Amino acid sequence: MSIWICSLAAAPQMAQKVRPSRIVSLLSPYDTFPTFEGMGPDLHLTVPIHDIVDDIGDWRAPDLSDAQSVISFVEGWDRAAPMLIHCWAGISRSTASAFITACVHNPKADEEEIALAIRKASATASPNRRLVAHADALLGRNGRMTRAVEGIGKGDFSTEAQTFSIPSLFGAPAAS
């Protein structure tokens, strides 16, 4: 099953189109989070964080508890239907969360393979390094997630990404 990544503007249409079983919304704390029909708090995680890597004044960067919230929520995804993840532009917080989701569901997969799949699917993807670093520590990946995201570099500049998806499974053994 797929992990879909999009902007806030595209999220309502994508929810109708792909009928996800779970949705993750990552927006600034002062933004209004969307609601999705049939998606209560058990199926729709809202994460109020700014898209920064260091706290700036009263702007809050992702912290360990935000990464833990994402991990705990996506662990319960049974992959029977797609996952939809969005942030304001579909570029940083959402791509970090999609990367984290794929790593959670592929504990033995090569983190670089997952990061490269994100880059191949989106030229603008720039996963939030702070959110990824916290997840890396929580998942015991020993810096591999962080290095994989650093390896794909920052994406091309854009104010809003094109909607894209990545698979939920990586590193499957070849058929014999």
| query | List pairs: first in region 15-26 and in contact (Cβ under 8 Å) with a residue 60 or more places away in the chain and over 9 Å from Leu84 (Cβ atoms), second crowded, with 23+ Cβ neighbours inside 10 Å and among the charged types (D, E, K, R), Cβ under 6 Å, 6+ apart or cross-chain? | reply | Leu26/Arg93
| How many residues does region 1-34 contain that are closer than 22 Å to Pro62 by Cα and either buried (at least 18 other Cβ atoms within 10 Å of the Cβ) or polar (S, T, N, Q) (or both)? | 15
| field | Filter result for the condition that a residue is farther than 21 Å from Gly143 by Cα and either touching a Ser or Thr at 6+ places or on another chain (Cβ under 8 Å) or at pLDDT below 95 (or both), over Val70, Val47, Val74, Val53 | value | Val47
| When you scan region 27-81, how many residues do you find that are among the hydrophobic types (A, V, I, L, M, F, W, C) and within 19 Å of Met1 (Cβ to Cβ)? | 11
| field | Answer from Met1, Met14, Met83 - the residue that is at pLDDT below 95 and over 22 Å from Arg141 (Cα atoms) | value | Met1
| remark: If we keep only residues of region 43-95 that are in a helix (DSSP H, G or I) and free of Cβ contacts under 8 Å to residues at least 60 places away in the same chain, then the residue nearest to Ala133 (Cα to Cα) is Ser65
| query | Does region 35-79 hold any residues that are among the β-branched types (Val, Ile, Thr) and crowded, with 17+ Cβ neighbours inside 10 Å, and which are they? | reply | Val47, Ile49, Val70, Ile71, Val74
| Any residue in region 105-112 that is hydrophobic (A, V, I, L, M, F, W, C) and crowded, with 23+ Cβ neighbours inside 10 Å? | no
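The values are calculated or read from the model by the stated rules, or taken from the named source; none is laboratory data. Note that the structure is a prediction, hence the values are computed from the model and not measured. With ideal geometry, Cβ positions are generated from the backbone for all residues, glycine too; neighbour counts draw on all protein chains shown.
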